[in-house]
Amino acid sequence: MMFLRLLFRNRLAAMGAIVLAIILILVLAIPILPLQDPDVIKTSDRFLKPFSDGHLLGTDHLGRDLLARLLHGTRLSLAVGIFAALIAATIGSAVGIVAGYFGGRIDNVIMRGIDMLMAFPYILLALAIVAALGPGLMNALIAVAAVNIPFFARNIRGITVGLAGREFIDAARLSGMGHGRIILTELLPNVLSTIVIAMSTTVGWMILETAGLSFLGLGSQPPQADLGSMLGEARSALITNPHTSIIPGIMIFLIVMSINLLGDGVRDALDPRLRSGALSRPRAKTIVDRKGEVPADDGKGLLNLQSLDTQFHVSNRVYRAVNDVSLFVNRGECLGIIGESGSGKSVTALSVMGLVASPPGVVTGGAVRYEGEDLLAAPYESLREKRGNKVAYIFQDPLSTLHPLYRVGDQLMEAIQVHHKVTDAEAKQRAIELLMSVRIPNAESRIRNYPHEMSGGMRQRVGIAMALANDPDVIIADEPTTALDVTVQAQILALLDDLRRERGLAIVFITHDFGVVAQLCDRVAVMYGGRIVEEGTTTDILDHPAHPYTKRLMDCVPELGGGKRALAAIPGLPPMVSDLPPGCAFAPRCDKATEACRKGEIALSGSETRAVRCIHPEEEIA
Amino acid sequence: MTPALKVENLAKTFGVGGGLFGRPAAGVRAVRPMSFEVATGETLGIVGESGCGKSTLARMLVGLLDPTEGSIEIEGRALDNADPAAFGRLIQYMFQDPVSSLNPRKTIKQIMEAPLKRLYGMGRTERDTRIDEIFDSVNLRSEFLDRYPHEFSGGQAQRIGVARALAAAPRIIILDEPVSALDVSVQAQVLNLLRDLKTEFNLTYLFISHDLAVVEAVSDRIVVLYFGAVVEIGKAEEIFARPRHPYTKLLADSAPVVGRPLKAPEQKDSELPDPLNPPPGCAFATRCPRATEICREKEPMLEPHGGDQFAACFHPLE
C-alpha cells in the first residue's frame, strides 16, 4: 500500500500506469473484441483512410484492417519485450550474483567476458546473433535478451559485492549454510528489488530494440504483425499514405513512454535511498521557526546557547532532539557535553551554526548568541562568513569529512581562501604552518598527500588544522577521538589542550567518555533524552555526581586496573526522543523514581555553575 | 587436560597486486606466526590497535579465512570446516556490528532457525521450544521473533546476535568487539549477560576488543597484539598493572582515566610501521623509548618474565 501511494505521488508515473493499463486491457481483450482477421488480404480496399466504413483505423497496402493488426502487433511486441526482459534479468542477475559472491578469479573471468559482450555496439551484436540463427521473432527475442544481459550482470554484481562483504553472509556460513543456499536465501531477497527496478526501466528499451529488428525484416516474418514489421511495411508508403506509419509509430511511442515513466516511478518508490529522501537536498541553513519569544541576551560567555529547542519533523512524527538546552563557553575554556547516543549532544552542536540537515530539522525555540549576536536570526551570508572563521567544527570521522579526491594541502588552502583574500603562495605557506602546528612531521611533503594516504590519527590532525585555518574563537569538537586508537587519542587530546592554552580557544567537546572529559574539560554538561540533566565543574561532577543518571553512568564505565569483575549496568534502554515520557526521561530506568518524577516538567535547579534536574538528587548541590 | 583451543605458528599473509592469472606481487603479513592456548571455560582477551591483526586472527579461527601457515586445534582435533554443520557446532563468532550481521530481509525467527535447522536438523516444534529457551536466557521477549532487524536498538540486536551464537550450542565463541558499538549503559548489560551464559553453558570465550578496561574486566588472561604479532601474554590482573613490554605500558598509559592528568605518553609523532615494507627486528622499535641496536636487527621471541607472563622484548620493563 505504502508502495502504491509513493508510486502515485509521482504524477508522471501515474499517467504512465494509466496509459499502460488501457493498452494492456485492449490487448488482453482481443479475443472478445469484434475485430477482423488481421491477416486477411483484400487488395481492393488498400490504403483506406482512418474512420472509413468497417475499418476504424483504415487499411494497409494489402487492404488488411489496421486496427486488428495494431492490437495483435502490440500484443506480440509487448510479449516479446517482457519475455526478453525476463530472460535477460534471470541470466544477467544469476551471472552477476555468482561473480559478486565468489569474487576473486571467478569474478574476474566472468566480468571480463561481460565486458567483451558490452564492447560490441548492441545493434551490431543483435544483427550478428540474428544473422547466425536466421531471421524470426524467436531469434530476435534471443538477440535482444543476450544484448541486455551485461546491463543486469553489472548492476547486480555491484550490489552483490557490497552485500557479500556484510557480516550476515559470514553469519549464514557459520550457521552451516552452503554456497547455494546462501545465494538463494540470503543474497537474492536483498537484490530482488534492484532486479525489479532494472527490469522496469529496460522493458521499454527492449520493445524498441525488438521493433528495430523487425523493422529491418529480421524479427517477425510476414504475414505476422508486430509493431516493428508494421512500420517496416509502411515505409514505402510513408509520403502517400502516412497513416500506415503514424498509427504503429504512435503505439510504440505510447508503450515505451508509459513503461519508462512507470519504471522511473517504480524505481523512485522502491529505492530505499530515494525513499528516505537522500536526493532531497538539505538547505544551506537550518530552518528556524521559533514559537514564543526569543530570550533576551544575558551576556554570558563567548558562545551562549539559550533555551535551544531543535526538532526533526518526519512525516507526522516529531523527534524532540534538543529540549531547552542552555550552555555557554568562555574564551580559553573547555566545555564538555557528555551523553549516550540519541541524547541530543551532536544536534545541539550542529544547531549552533545552522548545520542541522533541514528538512527535516527545525530550530523551534531559543537563541544561539555569539558575542551577543543571535545567530539564529542572522541571514545566511553572515552565518556563512562566521562558519569556520569564528566557529569551527571537528568531526568524528576525518575520512568522511575530507574530500577523497583533493590533496589535503589544497583543501586547507581552500578553507583559508574562502575567508581571506590571499595569494596561492601565501595560502600554501599558511597550510604548511597549520600542519606543523598540529605536529604533522614533514609538513612540506605531507600537504601533497591525499586523505587515504594518511593514518587515522594524521587525518584527524588535518581535520584539526582545517578547523584552525582561520583562527576561530570557538571550536566545536564532536567526538573527535572516538574513531581513533587509544595511543593516538592521547596525542590528539594533548594537542587540543595545548592549542586552547596557546590560542585562548573556547572548545565545546562532545564525547561519551568520562575519562576524556576528566582530562580535558573545565566544565561538563550531562545530556539525557535531549535535555541537560546536570552541569557543573568537571571535578564536582566526577567526584560528586548529583543526578542518578550521571552517577550510574559513571559506575558503568570500567576503569583500567580493576582486574576481572562484574560491571554495573543500567537496566532498560535510553528513551526515544520521538516518544519522551512526561516528567524525567530517566525515571523508567531510575531506582529512586517516585510518582512525582513521572509527571510535569522538572526544572534545572541550582546556581549558574552547578545545577541538576532531579527531585531526588544523590547529593545536595552547594 | 586438552585445551579448548590451541593455535600453533598460525600466520596469514595477504597477497597484494598481481593480475588475472599472475601470482601476487607482494604480501602483507597480517598475522605473523603466533601460538597460544585457551583452556576450557577460560576467557582469553585479545587487545591491540587497529591494523594489529585481531580480526584476521578471529576470522581464521572460525574458518572464514584460510591460514597461510600453522595449525588450529579445537578440543584436540585439527580445525576442519569441510563439513560446515560439524564445524559450526564447535565454534561460533559474534560480530561487532549487531545490525549488519543480521539479514535485513529476514525475520528474527528465520535468522534464529538457520543454525538449528542446518547444524542440528531440528524439526519445527523442536526448534520453537529451543528458540524460546534461548530467548529466555538472553532476556529477549518471544514477540520479537516476527520482527525484522531494523526494528531493534543496538543493544537488543547484539542480544539477538548472542542468541544466534548460542543456538549453535558451540563449545567456543569468538567475540569480536561485541560491545564497541553500544552505549556505555547498555554495554555492561551485554557483558554481564555474556558472563552468566558462560557459566550456564560452560563456554570458552575469545574476547577481542580495543578497549583495555573492558577486556581486563572480563578476561582471565590477555594477549596483546602489535603489528600482527603477540608482544605480551599474561594474567588480566597483572598485565596492565605490571606490563613487561613497553608497548603494553604505552597502551595502559594512553587509556584516559579519571583523575590522571592529561599528557601525551608518546611525544614522538610516530605511526605504525608500513605493512608492505615492514622494518627488520622488533616492529615497535621505532616508537620504543628503550630500543637499542639489537631491537632493530633481531625479532624478539616470547619469553617468560615471572609467573605466567610472557613478553617478546629484549629490554623488558621490570
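The values are calculated or read from the model by the stated rules, or taken from the named source; none is laboratory data. Just so it is clear, the model here is predicted, and its values are computed rather than measured. Here Cβ is always computed from backbone atoms with ideal geometry, including for glycine, and neighbour counts include all displayed protein chains.
Points worth noting:
- Apart from one condition, B:Ile111 fits all of (1) β-branched (Val, Ile, Thr); (2) free of Cβ contacts under 8 Å to residues at least 60 places away in the same chain; (3) more than 10 Å from chain A (Cβ to nearest Cβ); the exception is (3).
- Some residue of segment A:417-431 being at positive phi and of a type in the set (Asp, Glu): no
- Selected residue (criterion: nearest to B:Gln92 (Cα to Cα)) from residues of segment B:48-63 that are touching a residue at least 40 places away in the same chain (Cβ under 8 Å) and in a loop (DSSP other than H, G, I, E, B): B:Val62
- Residue within segment B:74-82 that is surrounded by fewer than 20 Cβ atoms within 10 Å (Cβ to Cβ), within 13 Å of chain A (Cβ to nearest Cβ) and out of contact with any Phe, Trp or Tyr (no Cβ under 8 Å at 6 or more places or on another chain) present: yes
- For A:Leu174, the conditions (1) more than 44 Å from the chain's Cα centre (by Cα); (2) closer than 30 Å to B:Ile91 by Cβ; (3) among the aliphatic types (A, V, I, L, M) all hold with the exception of (1).
- Residue among B:Leu317, B:Leu251, B:Leu225, B:Leu206 that alone is aliphatic (A, V, I, L, M), in contact (Cβ under 8 Å) with a residue 60 or more places away in the chain and in a helix (DSSP H, G or I): B:Leu251
- The set of residues in segment B:271-290 that are in a loop (DSSP other than H, G, I, E, B), touching a Pro at 6+ places or on another chain (Cβ under 9 Å) and surrounded by 20 or more Cβ atoms within 10 Å (Cβ to Cβ) comprises B:Cys282, B:Ala283, B:Phe284, B:Cys288.
- Members of segment A:147-171 found to be at pLDDT 90 or above and among the small types (Gly, Ala, Ser), listed by number: A:Ala153, A:Gly158
- Check on B:Asp220, at pLDDT below 85 and facing chain A (nearest Cβ under 9 Å): no
- In segment A:445-460, the qualifying residues are those that are touching a Lys or Arg at 6+ places or on another chain (Cβ under 8 Å) and at pLDDT 85 or above, and the one that is surrounded by the fewest Cβ atoms within 10 Å (Cβ to Cβ) is A:Arg448.
- For A:Arg235, the conditions (1) under 24 Å from A:Gly136 (Cα atoms); (2) among the basic types (Lys, Arg); (3) touching a Ser or Thr at 6+ places or on another chain (Cβ under 6 Å) all hold with the exception of (3).
- Test: residue in segment A:137-159 that is within 14 Å of another protein chain (Cβ to nearest Cβ) and β-branched (Val, Ile, Thr): yes
- Considering the conditions (1) within 14 Å of chain B (Cβ to nearest Cβ); (2) surrounded by 20 or more Cβ atoms within 10 Å (Cβ to Cβ); (3) not aliphatic (A, V, I, L, M), A:Asp170 is excluded by exactly one of them, (2).
- Test: residue in segment B:98-107 that is assigned to a strand (DSSP E or B) and closer than 21 Å to B:Pro84 by Cα: no
- B:Leu212 fulfils the conditions (1) touching a strand residue (DSSP E or B) at 6+ places or on another chain (Cβ under 9 Å); (2) within 12 Å of another protein chain (Cβ to nearest Cβ); (3) under 25 Å from A:Leu187 (Cα atoms) except for a single criterion, (3).
- Options A:Gly228, A:Gly232, A:Gly263; residue that is part of a helix (DSSP H, G or I), closer than 25 Å to A:Ser200 by Cα and touching a Phe, Trp or Tyr at 6+ places or on another chain (Cβ under 8 Å): A:Gly228
- Checking A:Thr201, A:Thr194, A:Thr244 one by one, the residue that is surrounded by fewer than 20 Cβ atoms within 10 Å (Cβ to Cβ), touching a residue at least 24 places away in the same chain (Cβ under 8 Å) and outside any loop (DSSP other than H, G, I, E, B) is A:Thr201 and no other.
- Positions within segment B:139-177 being within 18 Å of B:Tyr205 (Cβ to Cβ), surrounded by fewer than 20 Cβ atoms within 10 Å (Cβ to Cβ) and either without any contact (Cβ under 8 Å) to a residue 12 or more places away in the chain or of a type in the set (Gly, Ala, Ser) (or both), in sequence order: B:Ala169
- Sole residue being farther than 26 Å from A:Ile182 by Cα and in a helix (DSSP H, G or I), chosen from B:Leu197, B:Leu119, B:Leu166, B:Leu182: B:Leu197
- Test: residue in segment B:14-31 that is part of a loop (DSSP other than H, G, I, E, B), of a type outside the set (S, T, N, Q) and in contact (Cβ under 8 Å) with a residue 12 or more places away in the chain: no
- Given (1) out of contact with any helix residue (DSSP H, G or I) (no Cβ under 9 Å at 6 or more places or on another chain); (2) surrounded by fewer than 16 Cβ atoms within 10 Å (Cβ to Cβ); (3) not basic (Lys, Arg), index of the condition A:Thr539 fails: (1)
- Any helices (runs of 4 or more DSSP H) falling wholly within segment A:481-581 and containing at least 1 residues that are more than 13 Å from chain B (Cβ to nearest Cβ) and more than 25 Å from A:Leu305 (Cβ to Cβ): A:486-503
- Residues that are assigned to a loop (DSSP other than H, G, I, E, B) and aliphatic (A, V, I, L, M) within segment A:204-225 comprise A:Leu216, A:Leu218, A:Ala225, listed in sequence order.
- Scanning segment A:280-307 for residues that are among the small types (Gly, Ala, Ser) and more than 20 Å from A:Phe328 (Cα to Cα) turns up A:Ser280, A:Ala284, A:Gly292.
- From the options A:Tyr528, A:Tyr549, residue that is aromatic (Phe, Trp, Tyr), out of contact with any Leu (no Cβ under 9 Å at 6 or more places or on another chain) and modelled with pLDDT of 90 or more: A:Tyr549
- Considering only residues in segment B:64-73 that are assigned to a loop (DSSP other than H, G, I, E, B) and farther than 16 Å from B:Ala86 by Cα, the one that is nearest to the other protein chains (Cβ to nearest Cβ) turns out to be B:Leu65.
- Extreme residue, surrounded by the most Cβ atoms within 10 Å (Cβ to Cβ), among residues of segment B:83-93 that are touching a Gly at 6+ places or on another chain (Cβ under 8 Å) and small (Gly, Ala, Ser): B:Gly88
- In segment B:109-119, residue modelled with the lowest pLDDT [restricted to those that are farther than 17 Å from A:Leu187 by Cβ and either crowded, with 20+ Cβ neighbours inside 10 Å or under 26 Å from the mean Cα position of the chain (by Cα) (or both)]: B:Leu119
- Looking across segment B:95-108 at every residue that is touching a residue at least 60 places away in the same chain (Cβ under 8 Å) and polar (S, T, N, Q), the one that is surrounded by the fewest Cβ atoms within 10 Å (Cβ to Cβ) is identified as B:Gln96.
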